[in-house]
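What follows is a single structure, written as structure tokens, with notes after it.
The values are calculated or read from the model by the stated rules, or taken from the named source; none is laboratory data. These figures come from a predicted structure and were not determined experimentally. Cβ sites come from the backbone with ideal geometry, for glycine too, and all protein chains shown count toward neighbours.
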Amino acid sequence: MKILSILLSLIVFNLHLIKFDKIMKRKITFKRDELTLTGDLFTPENFDKKGQYKAIIVEGSLTSVKEQMPETYAKKFANEGFVVLAFDYSHYGESDGKPRQLEAPDDKLKDLQAAVSYLTSLSYVKSVGMVGVCTSAGNAAYLASSDPRIKAMATVAGYLPDPSLLESLSGKEKIASRREAAAIAKSKFEKTGEETIMTAYSETDKSAANFNPTEGFYDYYLNKTRGGVSQWKNELAVMSWETFQDFDPISKASAITVPTMVVHSDGCAFPSQARKFYSQLQGEKELVWADGNHFDYYDQPAQVNNAVKSISRFFKKHLW
């Protein structure tokens with residue numbers, strides 16, 4: 001009976017603490033206003049609570065959850081000796097927030113600020129940086145331009161729009177139509193609590209938020225062996241168009257004075273925007289222009305490993 005009791009205790013413990021070769025993963029929660037946000041905290045080999053560590057927040061693309069590209073990067077950064085937090089933004093995954101699947105830059109900024117507060121409350125964290133993949137590169141720009149507790153940042157295959165890009169992509173009529181749909185969805189939600197949802201990524205549904213008819217284009221999301229994990233939903237709240245169309249990380253670049261690395265390629269989304277963002281940064285900076293397409297930077301070893309190696313070198317020098 002004693003042996004059985006010990007085994008049961010180990011099983012319960014391992015539900016909360018999972019080992020990946022040399023690193024450890026622990027589920028954590030923290031508060032943002034009245035919301036509870038849920039994340040995974042990764043610690044490196046031979047982690048010592050009495051030590052002092054450089055910490056990284058790593059977040060991912062539009063609609064992503066922590067089990068997708070954030071975890072892919074978090075494990076690798078932990079193997080480089082960092083303490084790493086990957087968490088679900090409010091409205092997504094295991095975190096609170098309604099409506100679900102809402103893309104709201106101001107909410108995400110508050111989430112990230114709360115994540116910084118959580119990390120800085122840990123006695124073993126001496127500094128915090130952020131790595132943003134795709135859309136979270138823009139969210140990282142909002143954070144680094146406004147929160148002096150962030151000591152370094154990096155973008156990977158960043159989605160870094162400004163009003164001119166959005167207008168060229170969608171046109172004034174489509175932007176106006178989306179705003180109208182968002183207003184209707186918001187009114188409905190406020191009156192009834194009913195959420196209006198659309199498909200986030202599709203190769204067949206032209207009404208999806210992101211549509212591309214090329215077969216295999218969205219393989220990362222639609223393939224269960226890649227990013228199509230059970231924790232993720234291929235959905236976007238229509239209310240997102242109320243504020244997401246005003247997402248403008250380019251306008252934040254000139255206010256970023258902390259050391260910043262931009263990792264991008266000609267095959268990533270909007271390379272000219274990445275160069276524009278980089279050119280306006282005011283602090284020490286480094287541009288890593290590599291190869292591969294946009295989605296390669298989500299999970300393909302060559303592109304991910306190069307990004308992790310470059311950012312780790314940069315952060316080890318500049319996070320203090």
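Matching residues to (1) within 21 Å of ARG226 (Cβ to Cβ); (2) of a type in the set (Lys, Arg):
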| position | (1), (2) |
| --- | --- |
| LYS50 | no, yes |
| LYS54 | no, yes |
| THR63 | yes, no |
| LYS66 | yes, yes |
| MET69 | yes, no |
| ALA74 | yes, no |
| VAL83 | no, no |
| ASP96 | no, no |
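Considering ALA137, ALA114, the condition of being within 30 Å of GLU190 (Cβ to Cβ), aliphatic (A, V, I, L, M) and touching a strand residue (DSSP E or B) at 6+ places or on another chain (Cβ under 8 Å) is satisfied by ALA114 alone. Select from region 168-191 the residues that are closer than 15 Å to LYS98 by Cβ and charged (D, E, K, R) and write down the one among them that is nearest to the chain's Cα centre (by Cα). Checked region 168-191; the qualifying residue nearest to the chain's Cα centre (by Cα) is LYS186.
Considering region 191-223, the residues that are surrounded by 12 or more Cβ atoms within 10 Å (Cβ to Cβ) and hydroxyl-bearing (Ser, Thr, Tyr) include one that is farthest from GLN300 (Cα to Cα), namely THR196. Within region 138-169, the set of residues being within 13 Å of VAL263 (Cβ to Cβ) and either part of a strand (DSSP E or B) or among the acidic types (Asp, Glu) (or both) comprises MET153, ALA154, THR155, VAL156.
Looking only at residues of region 244-267 that are of a type outside the set (Gly, Ala, Ser) and in a strand (DSSP E or B), we find that the one that is surrounded by the fewest Cβ atoms within 10 Å (Cβ to Cβ) is ASP266. Which numbered condition trips up ASP107, out of (1) more than 22 Å from GLY228 (Cα to Cα); (2) in contact (Cβ under 8 Å) with a residue 40 or more places away in the chain? Going through the list (1) more than 22 Å from GLY228 (Cα to Cα); (2) in contact (Cβ under 8 Å) with a residue 40 or more places away in the chain, ASP107 breaks only (2). Does THR43 satisfy the condition of being in contact (Cβ under 8 Å) with a residue 40 or more places away in the chain and touching a strand residue (DSSP E or B) at 6+ places or on another chain (Cβ under 6 Å)? So THR43 passes the test.
Screening ALA181 against (1) of a type in the set (Gly, Ala, Ser); (2) exposed (fewer than 14 other Cβ atoms within 10 Å of the Cβ); (3) modelled with pLDDT of 95 or more leaves a single unmet condition, (2). Across region 224-243, the number of residues qualifying as out of contact with any Lys or Arg (no Cβ under 9 Å at 6 or more places or on another chain) and either over 25 Å from ARG179 (Cβ atoms) or surrounded by fewer than 22 Cβ atoms within 10 Å (Cβ to Cβ) (or both) comes to 9.
The single condition among (1) among the β-branched types (Val, Ile, Thr); (2) in contact (Cβ under 8 Å) with a residue 60 or more places away in the chain; (3) part of a strand (DSSP E or B) that ILE311 does not meet is (3).
Residues that are more than 22 Å from GLU59 (Cβ to Cβ) and exposed (fewer than 10 other Cβ atoms within 10 Å of the Cβ) were ranked within region 14-43; the one that is modelled with the highest pLDDT is ASP21. Looking at GLU94, is it modelled with pLDDT under 95 and more than 21 Å from VAL258 (Cα to Cα)? In short, no. Would a scan of region 205-222 turn up a residue that is more than 27 Å from ARG178 (Cβ to Cβ) and within 17 Å of the chain's Cα centre (by Cα)? Looking through region 205-222, none of the residues is more than 27 Å from ARG178 (Cβ to Cβ) and within 17 Å of the chain's Cα centre (by Cα). Screening region 60-79 for residues that are among the β-branched types (Val, Ile, Thr) and assigned to a loop (DSSP other than H, G, I, E, B) and picking the one that is surrounded by the most Cβ atoms within 10 Å (Cβ to Cβ) gives THR63. Flag set for LEU102, criterion: at pLDDT 95 or above, more than 21 Å from PHE295 (Cβ to Cβ) and among the aliphatic types (A, V, I, L, M). Restricting attention to region 243-294, the residues that are touching a His at 6+ places or on another chain (Cβ under 7 Å) and more than 16 Å from MET130 (Cα to Cα) add up to 6. Restricting to region 209-234, name every residue that is in contact (Cβ under 8 Å) with a residue 40 or more places away in the chain, of a type outside the set (Phe, Trp, Tyr) and not in a loop (DSSP other than H, G, I, E, B). Passing the criteria: ASN210, ASP219. Scanning region 268-279 for residues that are surrounded by 14 or more Cβ atoms within 10 Å (Cβ to Cβ) and either modelled with pLDDT under 95 or more than 20 Å from the chain's Cα centre (by Cα) (or both) gives ARG275, LYS276.
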